[in-house]
Every structure is written in C-alpha cells, then in structure tokens.
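The block underneath contains the structure these notes are about, expressed in structure tokens.
Laboratory data are not the source of any read-out in this text; all were calculated from the coordinates shown. Computed from a predicted structure; not experimentally measured. Backbone-built Cβ (ideal geometry, glycine too); neighbour counts: all protein chains shown.
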Amino acid sequence: MQPAQFKPKAFLFDLNGTMINDMGYHTEAWHAILTQGLGARLSYDEVKKEMYGKNEELLVRVFGKDHFSPAALEEISFKKEKAYQQAFLPHLKLIDGLHDFLEKAAQAGIKMAIGSAAIPFNIDFVLDGLDIRHYFKAIVSAHDVEVSKPNAETFLKAAAALGVSPADCLVFEDVPKGAESAHHAGMKCMILTTTHQTEEFAHFDHILRFLSDYNDPILNELF
C-alpha cells in the first residue's frame, strides 16, 4: 500500500528515536550502568539489541528474573534516566520537520498520541522541554501497560484513548520491536531510520515508508 491510498485518522508516535534522535544517548547510559555499575559483560552493540520495552524488562533479559528486587529495578532505572537526560539535554530538539508536521496534522484535525516504553519522567522531559504537549490528546507510557512492545498493548491503548479504530491509525516508529508492536495492533507504520537499517525491517509488510526525517514530501499525501 502506498501512503496516498491511506488517510489515517490518528498518528501514534513512539518517542525516543522517532521524535527525537536520542537513542545513542540511551545506549551509552545503559552500557555504562550495565558494564561499569552492574558488571555485565556486554559490548555496545549487544546492549543496543536489548534497547526495547520497559527498563525493568531490559534488566530481567540481561540478568534474569529474580536478580534484582522491585525496588532495585526502579532505582537502577531512574539512575539510568538521570544520566541519559543530563547527557542529552544540550542536544534536545525534534527531528527535522517534525514540528511543522505536528502543526499541519493538528490543523487537519488528525488526532495524535504518544505510545512509548519510556517512563513518564522521560516523556515529560521531552514534551515539556520542547513545549509540544498540547499536540497530544493521549499518552501511553511504560507505567500504563502490563507488557511493553513488541506486545500490541501500548498502541491499542493509545488508539482507544483517542477513540479511533486501530485500522485508522498510523504509527511512527524507529525500531523493529516497535514495528512489530504496530503489526500486532493491526496498524500501518512509517519508520524513522535514526537507529536501524531498512533491511532489519524486511520481514514486515505493513510499513508504508522509511523516513530520514519529517521533511519527506510523501507525508503530505497523508492529509
């Protein structure tokens, strides 16, 4: 399906790597904590492969289910996010073209939501730091779902909060697990090529377009 054939009623945005180009900062923060702080023997690329889902889920994948107490999982997660925010703050900005795209979507009456595995602490960091919260009628964070991506729950909850059928939603993502989540939710998807190569998405048939940023003229066909 070509974008011109699909007129979505809602846009659902992942956050990190999709609205802001920050995944390298997340990976650096996790790599430092996992290897220097917690003694895991993981390369940078091995850490990058684990960069999906909730922070607690990542720690369980690396260390096993009962390695940390719930309190320790929360403490490690918050420490990592503080390190990420401190490093990324001087570079905080939307991916090129996104602000104009959000404004155009709002003027066209397209509903918009955030569907992210980030915790509210990080979502607030972006939305309030860039003054774009008013564009989004719903926010689904890691705290709002039982199981994170690639499960469909995040995007299905976002669609339900907007009152829009999944089939009428278009997801913007940047990672294969996020694309898989959109697929499970029955939603079409566009991929920002900020963190992964296009060939990593070759097994999906619901991706309409790969975008380097939001200046791609194909986006005009969505309105």
Self-check item: Under 24 Å from the Cα of residue 111 - lysines, other chains or at least 8 residues apart
Solution: 7, 9, 93, 137, 149, 157, 177, 188
Quiz item: Picking from 166, 90, 150, which is most flexible by a Gaussian network model of the chain using Cα springs under 10 Å?
Solution: 90
Quiz item: Any idea what the relative contact order of the chain is, in percent, if you count C-alpha pairs under 8 Å spaced at least 6 apart?
Solution: 28 percent
Quiz prompt | Helical mean residue ellipticity (222 nm; -39500 (n - 2.57) per DSSP H run of 4+; nearest 500) of the chain | solution = -11000 deg cm²/dmol
Practice problem: Run the numbers on region 23-90 and let me know its relative contact order in percent, using alpha-carbon pairs under 8 Å that are six or more apart. | Solution: 39 percent
Exercise. Would you grab the residues whose amide H sits under 5 Å from the one on residue 13? Only those 5+ places off in sequence or on another chain, please, with H modelled 1.01 Å from N.
Key: 113, 114, 115, 172
Quiz item: Order of 204, 13 from fewest to most other C-beta atoms within 10 Å?
Solution: 204, 13
Practice problem: Could you line up 212, 77, 181 from fewest to most neighbouring Cβ atoms inside 10 Å? | Solution: 212, 77, 181
Quiz item: Mind checking Rg over Rh on the chain, alpha carbons, Kirkwood formula for Rh?
Solution: 0.96
Quiz item: Assuming R0 = 41 Å, what is the FRET efficiency of residue 165 and residue 32, from their Cβ-Cβ distance, to the nearest 0.05?
Solution: 0.45
Practice problem: Determine the relative contact order of region 115-223: mean sequence separation of Cα pairs under 8 Å and six or more apart, normalised by residue count, in whole percent. | Solution: 19 percent
Exercise. For the chain, with a Gaussian network of springs between Cα atoms less than 10 Å apart, report the residue from 202, 29, 182 with the top mean-square fluctuation.
Key: 202
Practice problem: Using the number of other C-beta atoms within 10 angstrom as an exposure proxy, rank 198, 193 with the fewest first. | Solution: 198, 193
